[in-house]
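First up is the structure itself, then whatever we jot down about it.
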Amino acid sequence: MLEDFTPSEAFVPEATAEDPPLLRASGVSHFYGNRVGCQDVSFELWPGEVLAIVGESGSGKSTLLGCLSGRLTPTAGVVEYRMRDQATRNIFDLSEAERRFLARTDWGFVHQDARNGLRMTISAGGNVGERLMAIGNRNYAAIRGEALDWLGRVEIDADRIDDRPEQFSGGMRQRLQIARNLVTGPRLVFMDEPTSGLDVSVQARLLDLLRGLVSDLSLSAIIVTHDLAVARMISHRMMVMRNGTVVESGLTDQILDDPQSAYAQLLVASVLQP
Amino acid sequence: MTMRLCLSGVGKTFTMHMRDGTRLPVLRNVELAVSEGECVVLSGPSGVGKSTILRMIYGNYRTNEGQVLVVDGDKIIDVATASPRRILDLRHRVISYVSQFLRAVPRVAAIDIVAEPLKVRGVEADVARDRAAEMLARLNLPERLWSLPPATFSGGEQQRVNIARGLVTDHPILILDEPTASLDASNRDIVAELIEERREAGAAMLGIFHDGSVRRRVATRAIDVGSFASV
């Protein structure tokens, strides 16, 4: 039944010179030996857009996110990014130092497991301040003030600023991770299953917070999730992946309300309705 | 009268891959046009495809055949083939949609749900909230509910939040899918009045209204969707 899915329709770039995308992936593939991680993925992302990449575990969505964020080198394909000076660069043509600077300033990466995105042994304030110091801020009072402001924005009480994240709950750690990522004013944030593993009520709070921040700051985001409800709530557009390829892409509500491919229909039909 | 919306040769067939690819034809050769200042009502028995037409215009259903043309300033956009990004832009500025049910977001207050489409269009947060409050007051939603998330509201209260959100902006095209279904008579009257005001102000409206009194009041014309049914 699932064998008859058709590959996604031919990708037609829609960018024009006056309206360039923030990020463009062209034919991105990554192989682990002879096993496919992701294959021939192309799309464009504009400022302020949130794109969800959905699929089951093993569908290649995290591999794709790794390639897009420069953490994995694609076996083939190009990822172009419009830098703050408006020049569009292939991120894999940047030097290692340039790419790291980009990742620390203009990008954020929110990991599923906050332990991979935070330094667990330094204070909450230190976690937020560290990103500021990494881009050259040296004024301690200003850094602490900024950290306090961001803890407030992610709803962490000011009196927790000197506590270490290992003393935080899962939801708080995730909010701290978000503060750490957003403090440098990034234009693009990558998120890998940011809400999975959290209790439902904690998940809702985090999603609501993310929604608010994304729209207030006009962030672009690429969010990997297996949870269609999360995709519905937070994303404008969606790509459905299976076996490393994109089987369907389009508006989030269109794919969820009127899925076209056999696989997307199966995914949507499999969601439990409370 | 300037035409705002035009469907030409539109057809819709659902393919059910989980039922061995069964094809379910619903509509064929849909031809309709809506101009400024019109409120066109879709009629016909349930299941005939009335909501499907509305969803194809809003873009959450794909259009298999034909054109769904929307006038956007000096441009004409075919929703059937437009990119997701183009459709999102149309939703922000041109097409507003009041669905039957509110899809509530946890933790977001009713007033912010209503203010959101204004904020998306660049209206300042305070002004957007004030306008949202006016709309909720007009729809008789008790003020004590404004700061609460609507998840626990009654059906009628949720629907009024939904209507307020759909009517708070001045989108030139309004799509209405049974906006008064769960309202009592006095609130139905208020909604009918709001729709009349928007019609008089020049909005082009296409809707489904099961309630006869509302339909008679707001409709300028009816289209029998049964004549487009695929058999």
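The values are calculated or read from the model by the stated rules, or taken from the named source; none is laboratory data. Worth saying up front: this structure is predicted, and the values here are computed from it rather than measured. Every residue, glycine as well, gets a Cβ built from its backbone with ideal geometry; the counts of neighbours run over all protein chains shown. All accessible areas refer to the heavy atoms of the entire protein, side chains included, with ligands and DNA or RNA removed. Shrake-Rupley method; radii C 1.70, N 1.55, O 1.52, S 1.80 Å.
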What are the residues in region A:55-76 that are open to solvent by 40 Å² or more (accessible area, probe 1.4 Å) and of a type outside the set (D, E, K, R), if any? A:S57, A:G58, A:S62, A:L72, A:T73, A:T75, A:A76
Among the residues of region A:222-236, are any in contact (Cβ under 8 Å) with a residue 24 or more places away in the chain, within 12 Å of chain B (Cβ to nearest Cβ), of a type in the set (D, E, K, R) and in contact with a Ser or Thr (Cβ under 8 Å, 6 or more places away or on another chain)? yes
I need the full set of residues from region A:226-274 which are acidic (D, E) and either assigned to a strand (DSSP E or B) or open to solvent by less than 40 Å² (accessible area, probe 1.4 Å) (or both), in order please. A:E248, A:D253, A:D258
Among the residues of region B:37-67 satisfying the criterion of being open to solvent by 60 Å² or more (accessible area, probe 1.4 Å) and in contact with a strand residue (DSSP E or B) (Cβ under 7 Å, 6 or more places away or on another chain), which is modelled with the lowest pLDDT? B:N64
Of all residues in region B:3-20, how many are open to solvent by 70 Å² or more (accessible area, probe 1.4 Å) and either modelled with pLDDT of 95 or more or closer than 19 Å to B:E36 by Cβ (or both)? 1
Of the numbered conditions (1) under 30 Å from B:K50 (Cβ atoms); (2) within 14 Å of chain A (Cβ to nearest Cβ), B:V114 fails exactly one; give the number of that condition. (2)
Please find, within region A:197-207, the residue that is farthest from the other protein chains (Cβ to nearest Cβ) out of those that are surrounded by fewer than 18 Cβ atoms within 10 Å (Cβ to Cβ) and in a helix (DSSP H, G or I). A:V202
Residue count, region A:208-221, condition open to solvent by less than 20 Å² (accessible area, probe 1.4 Å) and within 8 Å of chain B (Cβ to nearest Cβ), comes to 0
Among the listed residues B:E178, B:E124, B:E157, identify the single one that is open to solvent by 60 Å² or more (accessible area, probe 1.4 Å) and not small (G, A, S). B:E124
Output the qualifying pairs, or none if there are none: Cβ atoms under 8 angstrom, residues six or more apart or on different chains, first residue in region A:249-267 and under 22 Å from A:S42 (Cα atoms), second residue among the hydrophobic types (A, V, I, L, M, F, W, C) and assigned to a loop (DSSP other than H, G, I, E, B). A:S261/A:F5; A:A262/A:M1; A:A262/A:F5; A:Y263/A:F5
Closer than 22 Å to B:V191 by Cβ and open to solvent by less than 70 Å² (accessible area, probe 1.4 Å), is that true of B:P150? yes
If you go through region A:111-137 one residue at a time, how many are of a type in the set (A, V, I, L, M) and in a helix (DSSP H, G or I)? 6
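Yes/no per residue for (1) assigned to a loop (DSSP other than H, G, I, E, B); (2) modelled with pLDDT under 95:
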{"site": "A:E3", "(1), (2)": "no, yes"}
{"site": "A:T6", "(1), (2)": "yes, yes"}
{"site": "A:C38", "(1), (2)": "no, no"}
{"site": "A:S42", "(1), (2)": "no, no"}
{"site": "A:P47", "(1), (2)": "yes, yes"}
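For region B:86-111, enumerate the residues that are touching a strand residue (DSSP E or B) at 6+ places or on another chain (Cβ under 8 Å), part of a helix (DSSP H, G or I) and within 13 Å of another protein chain (Cβ to nearest Cβ).
Of the residues in region B:86-111, the ones touching a strand residue (DSSP E or B) at 6+ places or on another chain (Cβ under 8 Å) are B:86-88, B:90-91, B:93-100.
From what is left, the residues that are part of a helix (DSSP H, G or I) are B:86-88, B:90-91, B:93.
Answer for region B:86-111, where residues must be touching a strand residue (DSSP E or B) at 6+ places or on another chain (Cβ under 8 Å), part of a helix (DSSP H, G or I) and within 13 Å of another protein chain (Cβ to nearest Cβ): B:R86, B:I87, B:L88, B:L90, B:R91.
So is A:D192 open to solvent by 10 Å² or more (accessible area, probe 1.4 Å) and within 14 Å of chain B (Cβ to nearest Cβ) or not?
Against the criterion (open to solvent by 10 Å² or more (accessible area, probe 1.4 Å) and within 14 Å of chain B (Cβ to nearest Cβ)), A:D192 does not qualify.
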Residue list for region A:44-54, filter: small (G, A, S) and either open to solvent by 20 Å² or more (accessible area, probe 1.4 Å) or not assigned by TED's automatic domain parsing to the domain that holds A:I255 (or both): A:G48
Within region A:249-274, which residues are more than 7 Å from chain B (Cβ to nearest Cβ) and more than 19 Å from B:R86 (Cα to Cα)? A:P259, A:S261, A:Y263, A:A264, A:L267, A:V268, A:S270, A:V271, A:L272, A:Q273, A:P274
Regarding region B:130-145, can at least one residue be identified that is surrounded by 13 or more Cβ atoms within 10 Å (Cβ to Cβ), among the charged types (D, E, K, R), touching a Pro at 6+ places or on another chain (Cβ under 8 Å) and without any contact (Cβ under 8 Å) to a residue 40 or more places away in the chain? no
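Table: residues versus (1) within 14 Å of another protein chain (Cβ to nearest Cβ); (2) among the aliphatic types (A, V, I, L, M); (3) within 16 Å of the chain's Cα centre (by Cα).
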position: B:L5; (1), (2), (3): no, yes, yes
position: B:H17; (1), (2), (3): yes, no, no
position: B:D20; (1), (2), (3): yes, no, no
position: B:L24; (1), (2), (3): yes, yes, no
position: B:R28; (1), (2), (3): no, no, no
position: B:G37; (1), (2), (3): no, no, yes
position: B:S43; (1), (2), (3): no, no, yes
position: B:G47; (1), (2), (3): no, no, no
Taking first residues from region B:110-127 that are more than 16 Å from B:H171 (Cβ to Cβ) and second residues anywhere that are open to solvent by 30 Å² or more (accessible area, probe 1.4 Å) and assigned to a helix (DSSP H, G or I), the pairs with Cβ under 7 Å that are 6 or more apart or on different chains are B:I111/B:R129; B:I113/B:R165; B:A125/B:K119
Would you say A:G108 is among the small types (G, A, S) and either assigned to a helix (DSSP H, G or I) or closer than 21 Å to A:S201 by Cα (or both)? no
